[in-house]
Amino acid sequence: MEQLADGMWLGRGTDVNWMLVRDGSDLTLVDAGYPADIARLEADLRSIGHDLGDIGAVLVTHAHIDHIGGLQGLLSRHDVPVLMAAQELPLATGEQEKPGSGSELVRMAWRPNVAMWLRRVIRSGALHDEPLRGAQTWSDGGPLDLPGRPVPVASPGHTPGHTAYFFPEHGVLATGDALVTAHPLTAAHTPHLLPSVFNASDAGALAALDALAAVDADVIVPGHGDVWRGPVGRAVDLARSVPTSI
(Lines give C-alpha, C1' and ligand atoms only; values in the text may rest on other atoms or scores of the structure.)
Protein backbone atom coordinates (compact mmCIF):
# COMPACT_ATOMS: atom_id res chain seq x y z
CA MET A 1 0.00 0.00 0.00
CA GLU A 2 0.95 3.62 -0.42
CA GLN A 3 1.04 5.58 2.82
CA LEU A 4 -0.62 8.97 2.33
CA ALA A 5 -0.23 10.34 5.84
CA ASP A 6 0.04 9.08 9.40
CA GLY A 7 -2.74 6.49 9.71
CA MET A 8 -3.90 6.75 6.09
CA TRP A 9 -3.16 4.41 3.16
CA LEU A 10 -4.11 3.86 -0.47
CA GLY A 11 -4.75 0.26 -1.55
CA ARG A 12 -5.24 -1.08 -5.07
CA GLY A 13 -7.56 -3.73 -6.43
CA THR A 14 -8.26 -4.62 -10.07
CA ASP A 15 -7.81 -1.22 -11.75
CA VAL A 16 -9.53 0.42 -8.76
CA ASN A 17 -8.49 1.99 -5.46
CA TRP A 18 -9.59 1.93 -1.84
CA MET A 19 -8.45 3.76 1.27
CA LEU A 20 -7.83 2.70 4.85
CA VAL A 21 -7.88 5.28 7.64
CA ARG A 22 -6.81 4.45 11.20
CA ASP A 23 -7.36 6.21 14.49
CA GLY A 24 -5.87 4.22 17.38
CA SER A 25 -7.13 0.69 16.77
CA ASP A 26 -10.16 1.78 14.74
CA LEU A 27 -10.19 1.43 10.95
CA THR A 28 -12.44 2.90 8.28
CA LEU A 29 -12.42 1.52 4.75
CA VAL A 30 -13.38 3.74 1.81
CA ASP A 31 -14.66 1.53 -1.05
CA ALA A 32 -13.76 -2.12 -1.48
CA GLY A 33 -12.97 -3.10 -5.07
CA TYR A 34 -14.41 -6.02 -7.03
CA PRO A 35 -15.61 -9.26 -5.37
CA ALA A 36 -12.33 -11.08 -6.06
CA ASP A 37 -10.31 -8.16 -4.67
CA ILE A 38 -11.12 -9.23 -1.11
CA ALA A 39 -7.85 -11.21 -1.03
CA ARG A 40 -5.88 -8.07 -1.92
CA LEU A 41 -7.74 -6.12 0.75
CA GLU A 42 -6.89 -8.76 3.35
CA ALA A 43 -3.23 -8.59 2.32
CA ASP A 44 -3.29 -4.80 2.66
CA LEU A 45 -4.74 -5.11 6.15
CA ARG A 46 -2.10 -7.64 7.19
CA SER A 47 0.62 -5.32 5.95
CA ILE A 48 -0.42 -2.73 8.56
CA GLY A 49 -1.06 -5.26 11.33
CA HIS A 50 -4.83 -5.67 10.95
CA ASP A 51 -7.46 -8.04 9.59
CA LEU A 52 -11.02 -7.75 8.29
CA GLY A 53 -12.43 -7.83 11.81
CA ASP A 54 -10.70 -4.55 12.64
CA ILE A 55 -12.76 -2.57 10.10
CA GLY A 56 -15.26 -0.54 12.11
CA ALA A 57 -17.09 1.11 9.19
CA VAL A 58 -17.09 1.29 5.40
CA LEU A 59 -17.71 4.48 3.46
CA VAL A 60 -18.95 4.00 -0.10
CA THR A 61 -18.38 6.65 -2.76
CA HIS A 62 -20.90 4.95 -5.06
CA ALA A 63 -22.49 1.59 -5.68
CA HIS A 64 -20.78 0.32 -8.84
CA ILE A 65 -19.47 -3.25 -8.56
CA ASP A 66 -15.82 -2.16 -8.71
CA HIS A 67 -16.32 -0.13 -5.52
CA ILE A 68 -18.66 -2.34 -3.46
CA GLY A 69 -18.00 -5.86 -4.79
CA GLY A 70 -15.41 -6.61 -2.12
CA LEU A 71 -18.06 -6.03 0.53
CA GLN A 72 -19.60 -9.40 -0.36
CA GLY A 73 -16.61 -11.19 1.14
CA LEU A 74 -16.21 -8.72 4.00
CA LEU A 75 -19.82 -8.83 5.18
CA SER A 76 -19.98 -12.61 4.97
CA ARG A 77 -17.37 -12.75 7.73
CA HIS A 78 -17.71 -9.48 9.60
CA ASP A 79 -20.83 -7.45 10.40
CA VAL A 80 -19.79 -3.85 9.82
CA PRO A 81 -21.78 -0.66 9.09
CA VAL A 82 -21.73 0.35 5.42
CA LEU A 83 -22.49 4.04 4.86
CA MET A 84 -23.41 5.91 1.68
CA ALA A 85 -25.60 8.77 0.52
CA ALA A 86 -29.35 8.17 0.73
CA GLN A 87 -29.66 8.73 -3.05
CA GLU A 88 -27.23 5.85 -3.64
CA LEU A 89 -29.02 3.26 -1.52
CA PRO A 90 -31.49 2.15 -4.25
CA LEU A 91 -28.57 1.34 -6.55
CA ALA A 92 -26.78 -0.63 -3.86
CA THR A 93 -29.87 -2.67 -2.93
CA GLY A 94 -30.81 -3.42 -6.53
CA GLU A 95 -34.04 -1.41 -6.44
CA GLN A 96 -32.69 0.90 -9.16
CA GLU A 97 -30.64 0.01 -12.24
CA LYS A 98 -27.07 1.19 -12.12
CA PRO A 99 -25.81 3.57 -14.80
CA GLY A 100 -22.87 2.43 -16.88
CA SER A 101 -23.65 -1.24 -16.35
CA GLY A 102 -22.71 -3.17 -19.36
CA SER A 103 -24.55 -3.16 -22.67
CA GLU A 104 -22.75 -0.23 -24.30
CA LEU A 105 -19.39 -1.58 -23.18
CA VAL A 106 -20.16 -5.01 -24.59
CA ARG A 107 -20.88 -3.36 -27.96
CA MET A 108 -17.37 -1.86 -27.77
CA ALA A 109 -15.71 -5.19 -27.00
CA TRP A 110 -14.23 -5.38 -30.51
CA ARG A 111 -11.73 -2.73 -29.39
CA PRO A 112 -8.61 -4.41 -27.96
CA ASN A 113 -8.33 -2.16 -24.89
CA VAL A 114 -12.00 -2.70 -24.01
CA ALA A 115 -11.76 -6.46 -24.56
CA MET A 116 -8.69 -6.79 -22.34
CA TRP A 117 -10.28 -4.70 -19.60
CA LEU A 118 -13.54 -6.66 -19.75
CA ARG A 119 -11.71 -9.98 -19.45
CA ARG A 120 -9.77 -8.70 -16.46
CA VAL A 121 -12.75 -7.32 -14.54
CA ILE A 122 -14.94 -10.34 -15.34
CA ARG A 123 -12.27 -12.54 -13.74
CA SER A 124 -12.50 -10.24 -10.72
CA GLY A 125 -16.26 -10.77 -10.39
CA ALA A 126 -17.77 -7.92 -12.40
CA LEU A 127 -20.71 -10.12 -13.44
CA HIS A 128 -21.58 -11.03 -9.84
CA ASP A 129 -23.20 -7.79 -8.76
CA GLU A 130 -25.30 -8.90 -5.80
CA PRO A 131 -27.69 -6.59 -3.92
CA LEU A 132 -26.06 -5.03 -0.88
CA ARG A 133 -28.26 -5.49 2.17
CA GLY A 134 -28.14 -3.46 5.37
CA ALA A 135 -26.43 -0.36 3.98
CA GLN A 136 -27.10 2.85 5.90
CA THR A 137 -26.78 6.58 5.42
CA TRP A 138 -25.66 9.37 7.73
CA SER A 139 -28.08 11.74 9.43
CA ASP A 140 -26.28 14.95 8.48
CA GLY A 141 -23.42 16.19 6.34
CA GLY A 142 -20.66 15.48 8.81
CA PRO A 143 -17.97 15.45 9.86
CA LEU A 144 -18.71 11.81 10.59
CA ASP A 145 -17.64 10.26 13.87
CA LEU A 146 -15.12 7.96 12.22
CA PRO A 147 -11.32 7.87 11.92
CA GLY A 148 -10.15 11.01 10.13
CA ARG A 149 -13.48 12.79 10.79
CA PRO A 150 -14.50 12.52 7.11
CA VAL A 151 -16.86 15.09 5.63
CA PRO A 152 -19.17 13.78 2.87
CA VAL A 153 -19.06 15.92 -0.28
CA ALA A 154 -22.11 15.38 -2.48
CA SER A 155 -20.91 14.93 -6.06
CA PRO A 156 -23.74 13.30 -8.03
CA GLY A 157 -23.42 12.79 -11.75
CA HIS A 158 -21.40 9.62 -12.18
CA THR A 159 -24.21 8.06 -10.12
CA PRO A 160 -27.21 9.77 -8.48
CA GLY A 161 -25.75 9.67 -4.99
CA HIS A 162 -22.03 9.75 -5.67
CA THR A 163 -20.13 11.12 -2.66
CA ALA A 164 -16.52 12.19 -2.19
CA TYR A 165 -15.00 12.24 1.30
CA PHE A 166 -12.83 15.02 2.67
CA PHE A 167 -10.41 14.31 5.52
CA PRO A 168 -9.62 17.83 6.82
CA GLU A 169 -6.89 16.80 9.24
CA HIS A 170 -4.85 15.36 6.38
CA GLY A 171 -5.98 17.66 3.56
CA VAL A 172 -7.02 14.56 1.61
CA LEU A 173 -10.05 14.27 -0.69
CA ALA A 174 -11.19 10.82 -1.79
CA THR A 175 -12.96 11.60 -5.06
CA GLY A 176 -14.23 8.16 -6.07
CA ASP A 177 -15.21 8.36 -9.74
CA ALA A 178 -16.18 12.04 -9.72
CA LEU A 179 -12.57 12.72 -10.70
CA VAL A 180 -9.96 10.12 -11.65
CA THR A 181 -6.34 10.30 -12.76
CA ALA A 182 -6.30 7.20 -14.99
CA HIS A 183 -8.52 4.40 -16.27
CA PRO A 184 -7.75 1.46 -18.58
CA LEU A 185 -10.23 2.78 -21.16
CA THR A 186 -8.92 6.34 -21.34
CA ALA A 187 -5.61 7.68 -22.60
CA ALA A 188 -5.32 10.37 -19.93
CA HIS A 189 -2.92 10.15 -16.97
CA THR A 190 -3.97 13.40 -15.35
CA PRO A 191 -7.15 14.48 -13.51
CA HIS A 192 -10.15 13.85 -15.75
CA LEU A 193 -13.76 12.72 -15.87
CA LEU A 194 -14.78 9.21 -16.83
CA PRO A 195 -16.29 8.67 -20.29
CA SER A 196 -20.02 9.19 -20.78
CA VAL A 197 -20.69 5.45 -20.96
CA PHE A 198 -20.05 5.20 -17.21
CA ASN A 199 -22.10 8.20 -16.08
CA ALA A 200 -25.71 8.64 -15.06
CA SER A 201 -25.50 12.28 -16.18
CA ASP A 202 -22.67 14.01 -18.02
CA ALA A 203 -24.05 17.40 -17.00
CA GLY A 204 -24.14 16.22 -13.41
CA ALA A 205 -20.58 14.89 -13.62
CA LEU A 206 -19.40 18.32 -14.80
CA ALA A 207 -21.38 20.07 -12.05
CA ALA A 208 -19.85 17.75 -9.44
CA LEU A 209 -16.46 19.26 -10.24
CA ASP A 210 -17.70 22.54 -8.74
CA ALA A 211 -18.39 20.77 -5.45
CA LEU A 212 -14.91 19.25 -5.47
CA ALA A 213 -13.24 22.57 -6.31
CA ALA A 214 -14.76 24.11 -3.18
CA VAL A 215 -12.85 21.68 -0.93
CA ASP A 216 -9.63 22.95 0.66
CA ALA A 217 -7.54 19.83 0.02
CA ASP A 218 -4.16 19.37 -1.60
CA VAL A 219 -4.11 15.58 -2.00
CA ILE A 220 -6.61 13.76 -4.22
CA VAL A 221 -7.13 10.02 -3.87
CA PRO A 222 -9.14 9.00 -6.95
CA GLY A 223 -11.16 5.86 -7.46
CA HIS A 224 -8.90 5.01 -10.40
CA GLY A 225 -5.33 6.09 -11.00
CA ASP A 226 -2.50 7.52 -8.94
CA VAL A 227 -2.68 10.01 -6.11
CA TRP A 228 -2.62 13.63 -7.31
CA ARG A 229 -0.92 16.28 -5.17
CA GLY A 230 -1.78 19.94 -5.54
CA PRO A 231 -4.79 22.24 -5.07
CA VAL A 232 -8.10 20.61 -5.93
CA GLY A 233 -9.01 23.64 -8.03
CA ARG A 234 -6.07 22.96 -10.32
CA ALA A 235 -7.11 19.32 -10.71
CA VAL A 236 -10.65 20.40 -11.55
CA ASP A 237 -9.37 22.83 -14.20
CA LEU A 238 -7.43 19.99 -15.79
CA ALA A 239 -10.42 17.65 -15.64
CA ARG A 240 -12.58 20.16 -17.47
CA SER A 241 -10.07 20.38 -20.31
CA VAL A 242 -9.18 16.71 -20.87
CA PRO A 243 -11.14 14.74 -23.51
CA THR A 244 -12.51 11.49 -22.07
CA SER A 245 -13.82 9.43 -24.98
CA ILE A 246 -12.98 5.74 -25.15
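The values are calculated or read from the model by the stated rules, or taken from the named source; none is laboratory data. The structure presented is a predicted model; accordingly, all values stated were derived computationally and were not measured. FYI the Cβ positions are ideal-geometry reconstructions off the backbone, even for glycines, and counts take in every protein chain you see. In case anyone asks, the SASA skips ligands and DNA or RNA and just uses the protein heavy atoms, side chains included. Shrake-Rupley method; radii C 1.70, N 1.55, O 1.52, S 1.80 Å.
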(message) Please compute, for the alpha-carbon atoms of the range 22-115, the extent along each of the three principal axes and give them in descending order in Å.
(response) 48, 32, 21
(request) Place a +1 charge on the Cβ of each Lys and Arg in the range 47-132 and a -1 charge on the Cβ of each Asp and Glu, then give the dipole magnitude about the Cα centre in debye, rounded to the nearest 20. (result) 540 debye
(message) Could you give each residue of the range 189-206 its phi-based ³J(HN,Hα) in whole Hz, using Karplus coefficients 6.51, -1.76, 1.60 with θ = phi - 60°, and x for Gly or Pro?
(response) 10, 7, x, 7, 8, 6, x, 3, 4, 8, 9, 6, 8, 5, 5, x, 4, 5
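Looking at the range 162-246, send over the antiparallel percent of its DSSP beta bridges, to the nearest 5. Don't skip to the answer; put the middle values down first.
Values: 6 of 10 bridges.
Taking every DSSP beta bridge with both residues in the range 162-246, the antiparallel ones total about 60 percent.
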(message) At 0.36 nm per residue, and after removing the present C-alpha to C-alpha distance, how many nm does the segment from A214 to L127 gain when stretched out fully?
(response) 27.7 nm
(request) Taking 7 Å along the Cα-to-C-beta vector as the label spot, tell me the R107-I48 distance in nanometres, rounded to one decimal. (result) 4.2 nm
(request) Would you work out the charge dipole size for the chain about its Cα centre, treating the Cβ of every Lys and Arg as +1 and the Cβ of every Asp and Glu as -1, and quote it to the nearest 20 debye? (result) 800 debye
(request) Enumerate the amide H contacts of L4 below 5 Å, restricted to partners 5 or more residues apart or on another chain; note that Pro and chain-start residues carry no placed amide H. (result) W9, L10
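Assuming 0.36 nm per residue, please report the length gained on full extension of the stretch V242 to A187 beyond their Cα-Cα distance.
18.8 nm is the gain from fully extending V242 to A187.
At 1.4 Å probe size, with every protein chain present, just tell me what the per residue accessible area of the range 70-111 comes to in Å². Provide the component values of the computation, followed by the final result.
On the way: 2300 Å² over 42 residues.
That works out to 55 Å² for each residue.
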(request) Apply the Karplus parameterisation 6.51 cos²θ - 1.76 cosθ + 1.60, with θ equal to phi minus 60°, to every residue of the range 106-120 and state each ³J(HN,Hα) to the nearest whole Hz, in sequence, with x for glycine and proline. (result) 4, 5, 9, 5, 5, 7, x, 5, 5, 4, 5, 5, 4, 4, 5
(message) Of all beta bridges DSSP finds with both residues in the chain, what is the antiparallel percent, to the nearest 5?
(response) 70 percent
(request) May I have the pair-distance distribution P(r) for the range 47-168, computed from all Cα-Cα distances with 5 Å bins from 0 and rounded to whole percent? (result) 2, 10, 18, 20, 19, 15, 9, 5, 2, 0
(request) Mind checking the full-extension length gain between Q136 and S196? Use 0.36 nm per residue of separation minus the Cα-Cα distance, one decimal, nm. (result) 18.8 nm
(message) Can you compute 3J(HN,Hα) from phi for each residue in the range 65-78, using the Karplus curve 6.51 cos²θ - 1.76 cosθ + 1.60 with θ = phi - 60°, rounded to whole Hz and x for Gly and Pro?
(response) 4, 6, 10, 10, x, x, 5, 4, x, 5, 6, 6, 10, 8
(request) With an 8 Å cut-off on Cα pairs and a minimum separation of 6 or more residues, tell me the relative contact order of the chain in percent. (result) 17 percent
(request) Would you mind telling me the antiparallel percentage of the DSSP bridges in the range 41-186, rounded to 5? (result) 70 percent
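Taking Rh as the Kirkwood radius computed over C-alpha pairs, what is the Stokes-Einstein D of the chain at 10 °C in a medium of viscosity 1.306 mPa s, expressed in µm² per second?
Details: Rh = 17.7 Å.
Taking Rh from Cα pairs, D becomes 90 µm²/s.
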(request) Can you tell me the dipole magnitude for the range 32-93 around its Cα centre, using point charges on the Cβ only (Lys, Arg +1; Asp, Glu -1), in Debye to the nearest 20? (result) 40 debye
